Amino acid sequence: MTAQTVHVVDIDEVEPNRRRGGDLRVLLSPKTVGATSGFLGVAIIGPGDRVNEHYHPYSDEFVYVIHGELVVDLDGVPHEIRGGQGLMVPRNMRHRFRNVGQDEARMVFHLCPLAPRPELGHVDTEENP
């Protein structure tokens with residue numbers, strides 16, 4: 001057996017990323033914990049807010065809503081998802097997350113496999129309103 005270092009990352013240790021809408025925080029990644037197969041984060045989306053449409057050319061995205069209600073537009077088709085539900089967004093599928101409820105929504109997202117380089121992993125198809 002080899003000794004491996006275990007990293008625990010608290011959500012409050014991660015700077016919010018608001019460039020694409022919402023408050024995205026990548027907790028477990030190559031940068032934070034040395035992950036080699038994918039990354040995991042939390043999205044905090046306020047009422048009326050959204051995460052802009054984008055797609056991932058190299059990765060599937062797994063989403064689990066912890067709290068709240070979201071509409072996920074998949075290639076332009078809306079799908080409702082709420083706390084306690086999950087879905088998979090296949091690679092190359094355009095998607096946008098919109099909070100249509102009255103409460104803050106929180107979801108966990110995991111993407112894998114990793115893109116060859118971080119800048120290739122996410123393609124924006126719209127800008128912030």
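The values are calculated or read from the model by the stated rules, or taken from the named source; none is laboratory data. These numbers come from a predicted model, not from an experiment. When we count neighbours, we look across all protein chains shown, and the Cβ atoms used for this are built from the backbone with ideal geometry, even at glycine. For accessibility, only protein heavy atoms count, side chains too; no ligands or nucleic acids. Shrake-Rupley method; radii C 1.70, N 1.55, O 1.52, S 1.80 Å.
Give me the number: length gained by fully extending residue 124 to residue 88, i.e. 0.36 nm times residue separation minus the C-alpha to C-alpha distance, one decimal in nm. Walk me through the numbers before you get to the answer.
Numbers: separation 36, 0.36 × 36 = 12.96 nm, distance 1.86 nm.
Here the segment from residue 124 to residue 88 would lengthen by 11.1 nm.
Computing the accessible area with a 1.4 Å probe over protein heavy atoms, can you report the carbon and sulfur percentage for the chain? Whole-percent figure for carbon plus sulfur exposure: 52.
One compactness figure for the chain is 1.05, namely its Cα radius of gyration divided by 2.2 N^0.38 Å.
For segment 15-79, what mean projected area does the convex hull of the alpha carbons give, in nm²?
Directional mean of the projected Cα hull area for segment 15-79 stands at 5.2 nm².
Quick one: if the Förster radius is 35 Å, what FRET efficiency do residue 35 and residue 80 give, using the C-beta to C-beta distance and rounding to 0.05? With R0 = 35 Å, the Cβ-Cβ based efficiency is 0.70.
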